[in-house]
């Protein structure tokens, strides 16, 4: 990313809350009561940006980026990146009813899901480098979509149910037959 690209992106991010408010009531900055909605909107934008960063880092780890590479991209050490973004946040499974397939990544997870689904295993969760299944009495098929927000209503018309999302991926399932 060039410095000009970064400046442009920062300006766009900074303008999100104001653009949202302008769609409702123009912001003139002349009255005290105009500021609380702007603070709330800016907070929502910042919170979503923080969540998006975590999701993109999770997705990049699943695609094979190292902690060293991620740290370099955001200007922190490998150790700081791993402490800040690694471990402990993914779906933790402690009981024995679940089958956890480790080593799943953006390149092999569709094959893993197809194999497990054919064996009657229903995907119930995703985590960093893992897929979590339960054994059922029917076969399952899976679909992965890429994007900011999937159209779950359109997918539901065809029997697909959202399992989970790890930006940029959204995972759907439906029973076969």
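Pick the calculated semi-axes √(5λ) of the Cα gyration tensor in Å for this structure from (1) 24, 19, 14; (2) 37, 22, 14; (3) 28, 17, 14?
From the options (1) 24, 19, 14; (2) 37, 22, 14; (3) 28, 17, 14, the structure gives (2).
What length, rounded to one decimal in nm, is gained on full extension from residue 143 through to residue 111, with 0.36 nm per residue of separation minus their alpha-carbon distance?
Fully extending the segment from residue 143 to residue 111 adds 10.4 nm.
Once you put a point 7 Å from the Cα of residue 156 and another 7 Å from the Cα of residue 119, both along the Cβ direction, what distance in nm separates them?
Computed distance between label sites residue 156 and residue 119 equals 3.2 nm.
Tell me, what is a quarter of the convex hull surface for the C-alpha atoms of segment 98-175, in nm² with one decimal? Before the final figure, lay out the partial values.
On the way: hull surface 18.5 nm².
Computing the convex hull of the Cα atoms and averaging its projections yields 4.6 nm².
Sort 53, 9 by Cβ crowding within 10 Å, fewest neighbours at the top.
Ranking 53, 9 by Cβ neighbours within 10 Å, fewest first, gives 9, 53.
Quick one: if you stick a label point 7 Å off each Cα along the C-beta vector at residue 79 and residue 55, how many nm between them?
3.2 nm
To make sure I understand, if each residue's beta carbon is the centre and we count other beta carbons within 10 Å, what order do 30, 113, 38 fall in, fewest to most?
30, 38, 113
Quick check on segment 3-85: what are the equivalent-ellipsoid semi-axes from the Cα gyration tensor, as sqrt(5λ), descending, whole Å?
Semi-axes from the Cα gyration tensor: 34, 13, 11 Å.
So, by mean Cβ neighbours within 10 angstrom, what's the order for 78-86, 144-152 with the highest one leading?
Highest to lowest by the protection proxy: 78-86, 144-152.
Read-outs throughout are calculated quantities, based only on the coordinates presented, and are distinct from any laboratory measurement. Please read all numbers here as calculations on a predicted model, not as lab measurements. Neighbour counts run over all protein chains shown; Cβ positions are idealised from the backbone, glycine included.
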